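Please treat every number below as a calculation from the coordinates, not as lab data. Here the structure is a predicted model, which is why all the values come from computation and not from measurement. Counting neighbours? That spans all protein chains shown, and the Cβs are built from the backbone with ideal geometry, glycine included.
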Amino acid sequence: MEQVIIIGAGPCGLSAAAELKEAGLDPLVIEKGSIVHSIYRYPTYLTFHSTPELLEIGGIPFVTPNEKPTRLEGLNYYRMVAERKKLRIRTYEEVTAIHRTDQGFRLSLTDRLGRESCCEAQHVVIATGYFDHPNELNIPGEELAKVSHYYTEAHPYAGLKIVIVGGNNSAMDAALELVRVGAEVTIVYRGAELSPYIKAWTRPVIESMMEKKRIRMLFESELKEIREDAVRIAVDGQEIWIDNDFVLALTGFKPNREPLVQAGVTVNEQTGAPLYDPETMRTNVPGLYIAGVVAAGNRANDIFIETGRHHGRLIARDLTSH
Ligand SMILES: Cc1cc2nc3c(=O)[nH]c(=O)nc-3n(C[C@H](O)[C@H](O)[C@H](O)COP(=O)(O)OP(=O)(O)OC[C@H]3O[C@@H](n4cnc5c(N)ncnc54)[C@H](O)[C@@H]3O)c2cc1C
């Protein structure tokens with residue numbers, strides 16, 4: 001039986017593992033993809049909006065030549081932390097169920113070859129993030145192959161008609177890259193003006209692109225239907241059809257509550273947040289902790305690496321105080 005199993009090797013799961021190790025425990029991390037799989041799936045050429053020291057975990061310096069690290073530097077850094085701290089990580093194994101037992105928990109696992117197994121632990125830390133669960137549009141045509149909730153890079157969209165849904169940084173960054181490869185970009189955004197959360201250095205470029213009509217920005221608009229060759233948009237009190245090749249629905253993510261609920265964690269219906277003690281990250285299920293963005297409610301962006309990386313220290317302190 002393991003003392004502690006951490007589910008998820010994102011920055012917050014790894015931070016928890018490093019803190020627990022520092023406190024004298026030897027947690028096992030189980031990850032269904034690669035280490036920091038969410039960052040691996042970020043847009044290829046992304047630059048973090050955080051400065052490197054705010055992304056550091058396990059007390060290991062994150063040194064980069066530029067003010068903000070790139071995705072690639074982030075991947076290198078977190079991999080290096082896992083190596084230096086000699087963290088025990090089993091990648092490409094998914095936790096499919098969490099059962100409570102008299103001694104703690106039994107986890108059901110499936111590896112990348114589809115083989116099933118079980119693993120027992122006295123304590124479990126759920127750090128499963130949110131990246132697998134995009135906020136869906138729930139409109140006809142969303143299931144078409146031309147629609148994606150993830151943007152990686154612009155090249156495949158060169159010269160094509162792209163609709164981006166969303167108005168935050170992911171949408172703006174994608175729009176700017178797409179314009180550079182000659183795509184015809186329309187942004188469908190429900191806000192009345194540019195979001196205040198857009199990065200300070202992105203905003204003027206977007207404004208200039210809008211002014212020059214290189215990006216068509218539809219404020220207070222909503223995508224209503226997607227077809228193979230066109231989309232229907234509600235804007236200015238009327239509905240318009242525009243020709244379209246691909247739709248990028250960059251509408252953010254929400255943590256999957258199912259594993260938490262299945263394990264007995266109470267979730268606040270109104271805020272969408274699981275019940276936990278912010279001093280210890282303990283949930284209402286004895287022995288079960290949460291770390292990282294999975295602790296957020298409906299406003300998932302309230303927790304991010306900068307803040308969620310501290311959860312591990314609270315868990316380590318709580319576990320070693322008993
Ligand atoms: C484009 C983009 C840019 C961002 N830039 C920044 C930034 O500059 N600064 C910042 O602080 N934040 C940033 N964020 C937010 C940040 O990425 C998240 O807050 C962060 O990844 C949360 O870390 P986490 O460890 O909680 O979850 P994740 O990083 O999502 O990690 C969760 C891990 O759990 C694994 N997992 C899930 N379910 C299971 C399962 N059942 N079994 C096993 N493993 C499982 C996943 O594969 C994943 O690796 C950005 C997000 C995006 C999308």
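For the cross-link pairs 199/224; 161/199; 86/199; 21/199, the ones whose C-alpha atoms lie over 31 Å apart are 86/199; 21/199. At full extension, residue 239 and residue 210 could sit 8.3 nm farther apart than now, given 0.36 nm per residue minus the alpha carbon distance.
If you take the Cα Rg of the chain and divide it by 2.2 N^0.38 Å, with N the number of residues, what do you get? Working it through for the chain, the quotient is 1.07. With the simple spin-label model, which puts each label point 7 Å out from Cα in the Cβ direction, the residue 150 to residue 100 separation comes to 3.4 nm.
Counted by Cβ distance under 11 Å from residue 140, the other residues give a net charge of 0, where Lys and Arg count +1 and Asp and Glu count -1. Which residues does the label zone of residue 306 cover in the range 74-89, counting backbone N under 12 Å from a point 7 Å along Cα→Cβ? Inside the label zone: nothing. Calculate, for residue 280 and residue 49, the FRET efficiency according to 1/(1 + (r/R0)^6) with r their C-beta to C-beta distance and R0 45 Å; round to the nearest 0.05. In this case the efficiency is close to 0.95. May I ask you to list the aspartates and glutamates whose Cα is less than 19 Å away from that of residue 212, ignoring any residue fewer than eight positions away on the same chain? Candidates past the 8-residue exclusion: 173, 177, 184, 193. Figure legend: label point modelled 7 angstrom from the Cα of residue 266 along Cα→Cβ; residues of the range 291-322 with amide N under 18 Å from it are 295-298.
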